[in-house]
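S.K.: Take a look at this one; I'll ask things after.
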Amino acid sequence: MSTKVITLTPTTQHARRGTALAVALAAAAVGPLLLSDFASFIGARIAVTAIIGLSVIVVTGYTGQLSLMPYTFAGIGVFVAAHTITGWGWPFWFAAAFAAALSVPLSLLVGLVAVRLRGFYFAIATLTFASAVGATLFEWDAFTGGQKGLPVSRPVIGPIDFAGDRAYYLLCLVTVLLLVWMVMGLQDSRIGRAMTAVRENETAAATLGINVMKTKLVAFMVSGMIAAIGGVFHGMLLQHVTRTPYQTPFVEAVGVTLVILVVVGGMRSPWGPFIGAAIIYVQLEVFRTALFLQYFIAAVTAVAFVVVLLRLPDGLVGLIKHEAAAVRRAPLRGGVRVALIIAVNVVVLYGIWRLSR
Amino acid sequence: MSLLRTEGLDLRFGGVVALDDVSISIDEGEIVGLLGPNGAGKSTLFNVLSGLLAPASGSVLLSERDISRALPYERALAGLGRTFQHIKLFPGHTVEENLLIAQHRHLRSSVLAAMLRLPSWRRDEAEARDRVDAVLELIDLERYRHHRPGELSYGTLRFVELAVVLSLQPRVLLLDEPASGIAQREAEALGPLLREIRDVLGCAIFLIEHDMPLLLSVSERVYALDFGKVIAHGTPEEVTADDHVLSSYLGRTRRTDVAAN
Amino acid sequence: MSASVVAQIALIGLAKSGVIAMLAVGIVLIYRTTGVVNLAHWAIGLVGVVVYVLLTGVDVVPPLPAAAVGLAVSALAGLLAQRLVFSRIHRGQVVTMILVALGVGSFFAAVSQMLLRGQRGEIIVTPFLPGSTVDIAGAVILASELITILVAVAACAVLLPWLKRSRSGRALRAVAQNREAAQLAGIDAARYAELAWVIGSGLAGLALLLLIPHSAGEQGGVLSVVHLVPLGSLLIPAFGAALVGGLISLPAALAGSLIFGLVQELLILAPPPISDQREVLAFVVITVLLLLRTERFFASNAELEALRS
């Protein structure tokens, strides 16, 4: 074992990854702003969806429990935002903290039932809980504003007014990055490791001193809080909210779309929802005018989703890491390969877009 | 005073007697062997000790504290570590990460501390990594630090599993056939390694092993189990000279047939 | 409140039970033979309905043959889903399996919407059942509802004895109970897995086809947009009914369907706080069923183990 393989030292690797990330983030921050208000709105929607998707990462990606109720928690955040920010004049961050706190009792209730169930029993239980909350809490007109819904105003912080789409987009981007950073910290901790251990082998985890039930409960609570915070930002994004999408998220298909974009993006990385949301929402917006194409994209996305599940457990994040490694090994060949992949995708997208006009 | 003790453990699966009035005792810092033919109830006894199976009657005591009703994770927190006959590792994690998972017992930082990367989390992580370094050096696995279980040979995985359970820093270590599936040369090295582990960690080791030379050379005392019953107990020399043990091994073919049905 | 009103609501409830039963039987059949918790069940039935809508929309094919074609297309969709996707997943990967089912459901829902050219809102559909009403001892219900009840009863009356007595039926049950042993006995497990999917999916198509004409009487059926999604309105009660039998027992699932359909309708007569919260009650029941782990009562440990690995 004396042969030494020459590799990049961790620090230079980190530095390069850091640079790549910084460039990508700068592009994400500036891109939509340069384009238009509408592009910024889409950017904000991507960021908000990524926040709600992060809640799926914690409970499903890390802990392996398939929860089908993220939009129920988001719904709590949405209506809390409507009451506290617009009605009572609270600052948005306080509203977000309040929504997160309010989600805890529901998380505990669902969690206590659900930690006793495994696999699909858990999934079905969350689905029934989502519908039960939809038929009770969200039917409560004083909370949701009934059929008409409620207005939500965007925040003003000191001299900065976030009412415009561009400013609001930046606020959402900062928030989602902060949450991604926080979830990454969680991943590298005692509790994060307990979560992934529970996902892979509950018995082995237990014999190593991990309380499986408590770990699942914590995952459920953290997940619910993130989704509720995402809901607050979702409310501010839409500026007027009605209850239907949160009442029956799976009948309205938003819940399904969320799960799909998280898996396609990559379920094991906090960046997954961000990448998944970006890809799906950019496509849906490019083809907004052609309904037929939207459904075509939905069908293709569903196929991609199944292929990712069967072949790419780490989703697009895994693919990007793989290609990045190829570029590092052989910069020229890898670079050409990546450029080709991107070019083909752009050409195909552009072609469909032209055909749809 | 014994560190781990059982009193009259009984367990049946349907009509089959799995454990029959099993009372054993292990002292601090002792290496104790458990031998018996296939189906004698050795792994069943381990499962009862670690809380994966509940006995019909009898009790398990750790440092004279009754842990019979404790859950598996509570027993692990109390210092009971075990390996499995069929290796259980976390396949999606590298060797290093597997060892970090097993540090759970020693770490304290909260969810919020981790999310905000507070100093308590930093201290926790630094300590955890130091302990991983120490264990990897002790078991000589440094070169596999960043490998995943799927990339390693079965023999290596046995040592990884050992390293994982050592990361728990157990007071009692239950090893279920640590030498099965590993090369002869490695098996020979296992004896001295187990003694070294005992000396470094100061833990007791309770060992199931079919490799008789290894078991007899490393154990200070041996229990022999057959049909779920302790049939002999004493020094390795005493137990191997015991008539019951000899006949249970001579009559092994017939009995395993029965056990298999 | 007159007895005829109660009878009328009970009959409407029975029709609902019939639809739930056909969905639940398919769910159980597919789960038992392949271990797939089929969240795509609704969407697979939907494809058949859409084909029916397209065929009747162009006025070439008369409604009844079009319905038959729709049913066959649903069965085919199920066959393809099993052969191309589900047969490739290991049974132990439970989360992957559910997610894939969700993906397959989304795919068929998207295809359905694509075939309808993305019309939003409600679509008027030609009926294949009479829109007239029937008077049964003072209880007036739609003829289509009566037919739904009869079809559901007939389907079960044919299917259950067939599963019990015929050679194929027995082979199907053998595969469900012990795949390895069935294979050793020379039964082609893969073929019977596909057969289960064909029957189950065909039943889903039939159930959804029977749902359409209920809604708008004489003019035909209204296909509402809430039906065009992967997880439609009756899928949850169908899973609830199937869970009564632990996703294992067909008779228990049928009893469950009867209860879910009837009780949900009859509770309309209950005083307000209860009648308003019928859906919540259904969820409470389902959650209790989940917590009871009903499958324990209907299958041996060995069979449950086989379903999970």
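The values are calculated or read from the model by the stated rules, or taken from the named source; none is laboratory data. Values in this document were obtained by computation on a predicted structure and should not be read as measured data. Here the Cβ positions follow ideal geometry from the backbone for every residue, glycine too, while neighbour counts run over all protein chains shown. Heavy atoms of the whole protein, side chains included, go into the accessibility calculation; ligands, DNA and RNA do not. Shrake-Rupley method; radii C 1.70, N 1.55, O 1.52, S 1.80 Å.
S.K.: How many residues are open to solvent by 10 Å² or more (accessible area, probe 1.4 Å) and either touching a strand residue (DSSP E or B) at 6+ places or on another chain (Cβ under 9 Å) or within 14 Å of chain C (Cβ to nearest Cβ) (or both) when one looks only at the range A:229-242? If you could, list the steps in order and put the result at the bottom.
M.R.: Keep residues of the range A:229-242 that are open to solvent by 10 Å² or more (accessible area, probe 1.4 Å), which gives A:229, A:234, A:238-240, A:242.
Retained after the next criterion (residues that are either touching a strand residue (DSSP E or B) at 6+ places or on another chain (Cβ under 9 Å) or within 14 Å of chain C (Cβ to nearest Cβ) (or both)): A:234, A:239-240, A:242.
Selection size over the range A:229-242: 4.
S.K.: Still on this structure: Exactly one condition in (1) open to solvent by less than 60 Å² (accessible area, probe 1.4 Å); (2) modelled with pLDDT of 80 or more; (3) closer than 21 Å to residue C:17 by Cα is false for residue C:150; which is it?
M.R.: (1)
S.K.: Let me confirm something: among C:104, C:85, which residue is within 14 Å of chain A (Cβ to nearest Cβ), closer than 30 Å to residue A:65 by Cβ and in contact (Cβ under 8 Å) with a residue 24 or more places away in the chain?
M.R.: Working: C:85 fails: in contact (Cβ under 8 Å) with a residue 24 or more places away in the chain.
The match here is C:104.
S.K.: While we're on this one: Working only within the range A:212-228, note down all residues that are buried (at least 24 other Cβ atoms within 10 Å of the Cβ) and either under 19 Å from the mean Cα position of the chain (by Cα) or within 7 Å of chain B (Cβ to nearest Cβ) (or both).
M.R.: A:219, A:220, A:222, A:223, A:224, A:225, A:226, A:227, A:228
S.K.: Here's another thing I want to ask about it. Given the conditions (1) within 14 Å of chain A (Cβ to nearest Cβ); (2) without any contact (Cβ under 8 Å) to a residue 24 or more places away in the chain; (3) aliphatic (A, V, I, L, M); (4) crowded, with 19+ Cβ neighbours inside 10 Å, and given that residue C:171 satisfies all but one, which numbered condition is not satisfied?
M.R.: Looking at each condition in turn, residue C:171 falls short on (1).
S.K.: Could I ask something else about it? Just to be sure, is residue A:94 over 16 Å from residue A:73 (Cβ atoms), away from chain C (no Cβ under 14 Å), in a helix (DSSP H, G or I) and open to solvent by 60 Å² or more (accessible area, probe 1.4 Å)?
M.R.: Yes.
S.K.: Something else now. Can you name the helices (runs of 4 or more DSSP H) wholly within the range C:226-288 that have at least 2 residues being closer than 25 Å to residue C:109 by Cα and of a type in the set (S, T, N, Q)? Outline the logic, then answer.
M.R.: Details: elements: C:235-244, C:250-266, C:272-276.
So the answer is none; nothing clears 2.
S.K.: Keeping to the range B:82-140, report how many residues are among the basic types (Lys, Arg), more than 8 Å from chain A (Cβ to nearest Cβ) and either part of a loop (DSSP other than H, G, I, E, B) or within 12 Å of residue B:166 (Cα to Cα) (or both).
M.R.: Result for the range B:82-140: 1.
S.K.: Right, next: Would you check which residues across the range B:81-92 are open to solvent by 10 Å² or more (accessible area, probe 1.4 Å) and in contact with a helix residue (DSSP H, G or I) (Cβ under 7 Å, 6 or more places away or on another chain) and list them?
M.R.: Taking the range B:81-92 and keeping what is open to solvent by 10 Å² or more (accessible area, probe 1.4 Å), we get B:82, B:84-89, B:91-92.
Scanning the range B:81-92 gives B:82, B:85, B:87, B:88, B:89, B:91, B:92.
S.K.: Now for a separate question. Looking at residue B:22, is it more than 14 Å from chain A (Cβ to nearest Cβ) and open to solvent by less than 60 Å² (accessible area, probe 1.4 Å)?
M.R.: Values: more than 14 Å from chain A (Cβ to nearest Cβ): yes; open to solvent by less than 60 Å² (accessible area, probe 1.4 Å): yes.
Here the answer is yes, as residue B:22 does meet what is asked.
S.K.: Still on this structure: Residues in the range C:183-192: is at least one closer than 17 Å to residue C:31 by Cα, of a type in the set (S, T, N, Q) and open to solvent by 50 Å² or more (accessible area, probe 1.4 Å)?
M.R.: Going residue by residue through the range C:183-192, those that are closer than 17 Å to residue C:31 by Cα are C:189-192.
The next check asks that each one be of a type in the set (S, T, N, Q); those that pass are none.
Looking through the range C:183-192, none of the residues is closer than 17 Å to residue C:31 by Cα, of a type in the set (S, T, N, Q) and open to solvent by 50 Å² or more (accessible area, probe 1.4 Å).
S.K.: Please pick out the residue among A:278, A:325 that is assigned to a helix (DSSP H, G or I), out of contact with any strand residue (DSSP E or B) (no Cβ under 6 Å at 6 or more places or on another chain), surrounded by fewer than 22 Cβ atoms within 10 Å (Cβ to Cβ) and in contact (Cβ under 8 Å) with a residue 60 or more places away in the chain. Talk me through it step by step, then tell me what you get.
M.R.: Values: A:325 fails: in contact (Cβ under 8 Å) with a residue 60 or more places away in the chain.
It is A:278.
S.K.: Residues being of a type outside the set (A, V, I, L, M, F, W, C), touching a residue at least 12 places away in the same chain (Cβ under 8 Å) and over 25 Å from residue B:15 (Cα atoms): count how many of those fall in the range B:209-236. Can you show your working first?
M.R.: In the first step, residues of the range B:209-236 are kept if they are of a type outside the set (A, V, I, L, M, F, W, C); the result is B:209-211, B:213, B:217, B:219-221, B:223, B:226, B:228-229, B:233-236.
Now narrow it down to the ones that are touching a residue at least 12 places away in the same chain (Cβ under 8 Å): B:209-211, B:217, B:219-221, B:223, B:226, B:228-229, B:233-236.
Restricting the remaining residues to those that are over 25 Å from residue B:15 (Cα atoms) gives B:209-211, B:217, B:219-221, B:233-236.
Of the residues in the range B:209-236, 11 are of a type outside the set (A, V, I, L, M, F, W, C), touching a residue at least 12 places away in the same chain (Cβ under 8 Å) and over 25 Å from residue B:15 (Cα atoms).
S.K.: Condition first: more than 23 Å from residue C:251 (Cα to Cα), part of a helix (DSSP H, G or I) and among the β-branched types (Val, Ile, Thr). Now tell me which residues in the range C:1-59 satisfy that. Explain how you work it out, then say what you get.
M.R.: Going residue by residue through the range C:1-59, those that are more than 23 Å from residue C:251 (Cα to Cα) are C:1-9, C:43-44, C:46-59.
Retained after the next criterion (residues that are part of a helix (DSSP H, G or I)): C:3-9, C:43-44, C:46-57.
Selection gives C:5, C:6, C:9, C:44, C:47, C:49, C:50, C:51, C:53, C:56.
S.K.: Being open to solvent by less than 40 Å² (accessible area, probe 1.4 Å), of a type in the set (Asp, Glu) and under 24 Å from residue B:219 (Cα atoms) narrows it down to one of B:64, B:7, B:30, so name that one. Spell out the reasoning first.
M.R.: Values: B:64 fails: open to solvent by less than 40 Å² (accessible area, probe 1.4 Å); B:7 fails: open to solvent by less than 40 Å² (accessible area, probe 1.4 Å).
Just a single option satisfies the conditions, and that option is B:30.
S.K.: What number of residues in the range A:140-163 are open to solvent by 40 Å² or more (accessible area, probe 1.4 Å), within 28 Å of residue A:34 (Cβ to Cβ) and not polar (S, T, N, Q)?
M.R.: So the answer is 7.
S.K.: Scan the range B:168-185 and give yes if some residue there is under 27 Å from residue B:206 (Cα atoms), surrounded by fewer than 22 Cβ atoms within 10 Å (Cβ to Cβ), among the hydroxyl-bearing types (Ser, Thr, Tyr) and modelled with pLDDT under 95, otherwise no.
M.R.: For the range B:168-185, residues under 27 Å from residue B:206 (Cα atoms), surrounded by fewer than 22 Cβ atoms within 10 Å (Cβ to Cβ), among the hydroxyl-bearing types (Ser, Thr, Tyr) and modelled with pLDDT under 95: present.
Residue by residue, here is whether (1) at pLDDT 90 or above; (2) open to solvent by 10 Å² or more (accessible area, probe 1.4 Å) holds:
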{"site": "C:23", "(1), (2)": "yes, no"}
{"site": "C:27", "(1), (2)": "yes, no"}
{"site": "C:44", "(1), (2)": "yes, no"}
{"site": "C:84", "(1), (2)": "yes, yes"}
{"site": "C:94", "(1), (2)": "no, yes"}
{"site": "C:108", "(1), (2)": "yes, yes"}
{"site": "C:112", "(1), (2)": "no, no"}
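S.K.: When only residues in the range A:196-211 that are more than 7 Å from every other protein chain (Cβ to nearest Cβ) and without any contact (Cβ under 8 Å) to a residue 24 or more places away in the chain count, which is nearest to residue B:74 (Cα to Cα)?
M.R.: So the residue we want is A:205.
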